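The values are calculated or read from the model by the stated rules, or taken from the named source; none is laboratory data. Model, not experiment: these values are computed from the prediction. Please note: Cβ atoms are built from the backbone with ideal geometry, for glycine as well, and neighbour counts cover all protein chains shown. Just so you know, the surface numbers come from the protein's heavy atoms only, side chains and all, with ligands and any DNA or RNA stripped out. Shrake-Rupley method; radii C 1.70, N 1.55, O 1.52, S 1.80 Å.
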There are 2 protein chains.
Amino acid sequence: MLARTPATLDAMLRDLPDHWVSAHEGGDTWSPFDVVGHLIHGERTDWVPRARMILEDGEARTFETFDRLAQFAASEGRTLSSLLDEFAEARAASLRDLAVLGLAERDLDRRGRHPAFGPVTLRQLLATWVAHDLDHVVQVSRTLANQYADAVGPWRAYLRIIGQPG
Amino acid sequence: MLARTPATLDAMLRDLPDHWVSAHEGGDTWSPFDVVGHLIHGERTDWVPRARMILEDGEARTFETFDRLAQFAASEGRTLSSLLDEFAEARAASLRDLAVLGLAERDLDRRGRHPAFGPVTLRQLLATWVAHDLDHVVQVSRTLANQYADAVGPWRAYLRIIGQPG
């Protein structure tokens, strides 16, 4: 599942016109461009680094807090294509690193310490990595679809993806 | 956007183990396998046929009601791979048919008659086609992620994609 996300986002987004790539849902919501940057930051600082910390330090060391806004500075001036390439490379590297860890079934029950939740297992971290990818595929899909919230006219009543008018 | 959906679903689903492909969210909810069959049925009976009906008959003829359950019989005994192939072929054919219609801007305001909504424009039909694809990408993503609803442990609180416990 984790190996698929770069290709999924590539199929959805690469070479899409800028007004789609930078579209968001108002206020502080994220565009598809922002989401790809966020996923890159996760590869660098979150998933494999936390897995290593669980194996090396257990509950003795609390994970670094994940910076949910890091992509705004890191992605500035970049193109979506270069971010998609970087995400694909970073994800492939993460999966190679994970393979090198040679996890056995019993390792999955080893625990680390989350800054908000306290004890969490490696199994929970890995399941969350998968669900987190899919959460952002949903966010990208919903953001794109909501650009047509008015254009669909009465069909809006049938489309769960489009926010219902308040 | 319409040309991208087959590749998006292919990246997400092809060769995924059966327990993911047939996973659903309980009750009458649809699996990824069911969704691909539904999208094929839409290519055959809904989008381009309705566009043609608008251009040929206008509001004089009401669209056929779309059969939301047709895929259960049509997909029986099929493999996901063959459905993904069929969807890609059917979508490519739909887009060729659409190009042949040679739509001009003024055609987009032409109207047909929806069995529930009454008058709808060709512009609304085409926007709905795009949003409908994305709605089902969301459904597939959410269905997959929800298989890990318990596995993610306390991270559930951060994952909008996973239904919150009742």
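So the label point sits 7 Å from Cα along the Cα-to-Cβ vector; using that for B:G102, what distances do you get to the other copies, in nanometres, sorted shortest first?
6.8
With each label point set 7 Å from Cα along the Cα-Cβ vector, what nm distance links A:D107 and A:S22?
4.4 nm
Take the Cα of A:E59, step 7 Å along the line toward its Cβ, and report every residue of the stretch A:116-132 whose backbone nitrogen sits under 12 Å from that point.
Those under the cut-off are A:118-121.
Quote the accessible area belonging to A:D57 in square angstrom, nearest 10, computed with a 1.4 Å probe and with ligands, DNA and RNA left uncounted.
60 Å²
When a/c is below 1.5 the answer is rounded, else prolate if a/b is larger than b/c, else oblate, so apply that to the protein assembly as shown with a ≥ b ≥ c taken from the square roots of the Cα gyration tensor eigenvalues.
prolate
Given a 1.4 angstrom probe, what's the average accessible area per residue across the protein assembly as shown, in square angstrom?
Roughly 46 Å² per residue, with all protein chains present.
Taking the Cα centre of the stretch B:1-157 as the origin, how large is its charge dipole in debye, to the nearest 20, when only Lys and Arg (+1) and Asp and Glu (-1) carry charge on their Cβ atoms? Can you show the working numbers first?
Details: 17 positive and 24 negative charges, 93 e Å.
The calculation lands at about 440 debye.
Would you work out the charge dipole size for the protein assembly as shown about its Cα centre, treating the Cβ of every Lys and Arg as +1 and the Cβ of every Asp and Glu as -1, and quote it to the nearest 20 debye?
That gives a dipole near 380 debye.
Could you work out what % of the accessible surface of the protein assembly as shown is carbon and sulfur, using a 1.4 angstrom probe and leaving DNA, RNA and ligands out of the count?
Working: 7730 of 15280 Å².
The C+S portion of the solvent-accessible surface of the protein assembly as shown is 51 percent.
How long is the stretch B:17-166 along each principal axis, judged by its Cα atoms, biggest number first, in Å?
Cα extents, longest axis first: 55, 33, 24 Å.
Ballpark to the nearest 100 Å², how much total accessible area do A and B bury together, probe 1.4 Å? List each step's numbers first, then the result.
Details: alone 9590 and 9590 Å², together 15280 Å².
In total, this chain pair buries about 3900 Å².
May I ask you to derive the relative contact order of chain A, considering only C-alpha pairs under 8 Å and at least 6 residues apart, and to give it as an integer percent? Walk me through the intermediate numbers first.
Values: 166 pairs, mean separation 48.8, N = 166.
29 percent.
Only counting protein heavy atoms at a 1.4 Å probe, give the residues of the stretch A:133-166, ordered by number, whose accessible area falls by 40 Å² or more when the other protein chains are present relative to the chain alone.
A:L134, A:D135, A:V138, A:Y148, A:A151, A:P154, A:W155, A:Y158, A:L159, A:R160, A:I161
Report the one residue of A:G37, A:H114, A:A92 whose Cα lies farthest in the direction of the positive end of the charge dipole of the stretch A:18-128 (charges on C-beta: Lys and Arg +1, Asp and Glu -1; origin at the Cα centre).
Checked the options; the winner is A:H114.
Considering only DSSP states other than H, G, I, E and B, which GluC sites (Glu not before Pro) in the stretch A:1-80 qualify as loop sites with at most 16 other Cβ atoms within 10 Å?
Listed in order of number, the matching sites are A:E25, A:E64, A:E76.
Using only the Cα atoms of the stretch A:70-148, each taken as one equal point scatterer with no solvent, compute I(q) by the Debye sum, divide by I(0), and report log10 of the ratio at q = 0.21 Å⁻¹.
Log-scaled intensity ratios, in q order: -1.17.
Looking at chain A, do any whole DSSP H helices span at least 24 angstrom along their long axis by alpha carbon and average 1.6 or above on Kyte-Doolittle, and which?
Once both thresholds are applied, nothing remains.
Compute the FRET efficiency between A:A70 and A:A157 as 1/(1 + (r/R0)^6), taking r as their Cβ-Cβ distance and R0 = 35 Å, and round to the nearest 0.05.
Working: r = 39 Å, r/R0 = 1.11.
E between A:A70 and A:A157, to the nearest 0.05, is 0.35.
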